[in-house]
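**Q** My structure is below; once you've seen it, I'll send some questions.
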Amino acid sequence: MPKKTIVVVATLLAFSLSTVTASESSPTGSVLRDLDVPFVVSPPLVTKTMLEMAGVVSNDFVIDLGSGDGRIVVLAAKNYGARGLGVEIDPALVETARAYAKKANVADRASFRVEDLFTTNLAAATVITMYLLPDVNIALRPKLLQLKPGTRIVSHDWDMGDWAHDAMRVVDNPEKSVGREKSSKVFLWTVPAKVNGKWCAQQAQTTTRRQRSITLDLTQRFQMIDGLLTADGVGKKNPLSIQFHATMNGERFAIPHIGKDAPARVVGNTITLDGSTYGLSKTLVFTRRAQCRSAATPASM
């Protein structure tokens, strides 16, 4: 069976203004009432783009934070075959969303409940999309970075401060009521695995019966890595020292090399690296250590 993935979608636009009027029809035809923290819908092309950038497929489970009238969860269920949950603080909107899901014949795959998005447990998520304010995005950022590596985050219009996005699309939005521009930006991030620190591996040398010590020193800021790959000289093997820059894509990164990069993947508490590009073992398994062995040592029998 394909591995189950979860999609979390947040489509609530929270304003710091005390009262803002939101008057736009929901999919069921009702008019949204004035709210201190109003629900502002994302138009069809924007919601479609958000789900496309999230890579929603039939084995996804969509959790929509600030789900409003339920359109994103219903769209994910109806067009992509996904299952989902919408979380919304306004009981009236939750009822609207439930009626919409029933009308669209996806009530068995799209459910809704009254809940504050800041208290929602996101531990199972693999994708989050948001329509919030910049300061709300920043407030959520530490929680988002704790999610499982590979979790995709999509935000309508607002970025994550100095956490640079991995991709961005501009979508025409001629009826946009927020701001002067009649277009929307959709940003994508992928939660990176935490790899900062020193990682150590050993490679046995069959001809010399010595262990070759190999070290990865990684300095990480969000998905960006500055690294140093070093290996002891053993026998006819010369010492190796490679400085590199790489970008984490969830659990994966690659050490650049002309012709063929050296791919690496975080697996649990280890990093597996294909070192053949640099004349090392094809499968090197690194573990995080305070200090690696600094010299070649006899291989254990």
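Throughout, read-outs are computed from the coordinates displayed, never taken from laboratory work. Not measured: the values here are computed from a predicted model. Glycine gets a Cβ as well: all are built from the backbone with ideal geometry, and neighbour counts include every protein chain shown.
**Q** Which of the pairs K48/K103; K102/K185; K198/K282; K102/K182; K148/K198 have their Cα atoms more than 27 Å apart in this structure?
**A** K102/K185; K102/K182
**Q** Taking θ as phi - 60°, what are the ³J(HN,Hα) couplings along the stretch 185-193 by the Karplus curve (6.51, -1.76, 1.60), each to the nearest whole Hz, with x for Gly and Pro?
**A** Calculated HN-Hα couplings, in order: 9, 10, 9, 10, 10, 10, 5, x, 5 Hz.
**Q** Give the Debye-formula value of log10 I(q)/I(0) at each listed q (0.10, 0.21 Å⁻¹), with one equal scatterer per alpha carbon of the stretch 78-190, two decimals each.
**A** -0.36, -1.31
**Q** Next up: Which percentage, to the nearest 5, of the DSSP beta bridges contained in the stretch 50-123 is antiparallel?
**A** Taking every DSSP beta bridge with both residues in the stretch 50-123, the antiparallel ones total about 0 percent.
**Q** Once phi is turned into ³J(HN,Hα) by the Karplus curve 6.51 cos²θ - 1.76 cosθ + 1.60 with θ = phi - 60°, what whole-Hz value does each residue of the stretch 218-230 show in order, with x for glycine and proline?
**A** Whole-Hz 3J(HN,Hα) from phi for the stretch 218-230: 10, 10, 10, 10, 6, 8, 8, 10, 10, x, 9, 9, 10.
**Q** Count the net charge of all other residues whose Cβ sits under 10 Å from the Cβ of D108, scoring Lys and Arg as +1 and Asp and Glu as -1.
**A** Once all neighbours under 10 Å are counted, the net charge is +3.
**Q** Please list, in order along the stretch 253-267, the HN-Hα scalar couplings obtained from phi with the Karplus expression 6.51 cos²θ - 1.76 cosθ + 1.60 (θ = phi - 60°), rounded to whole Hz, x for Gly and Pro.
**A** 8, 9, 7, x, 7, 5, x, 7, 6, 9, x, 9, 9, 7, 10
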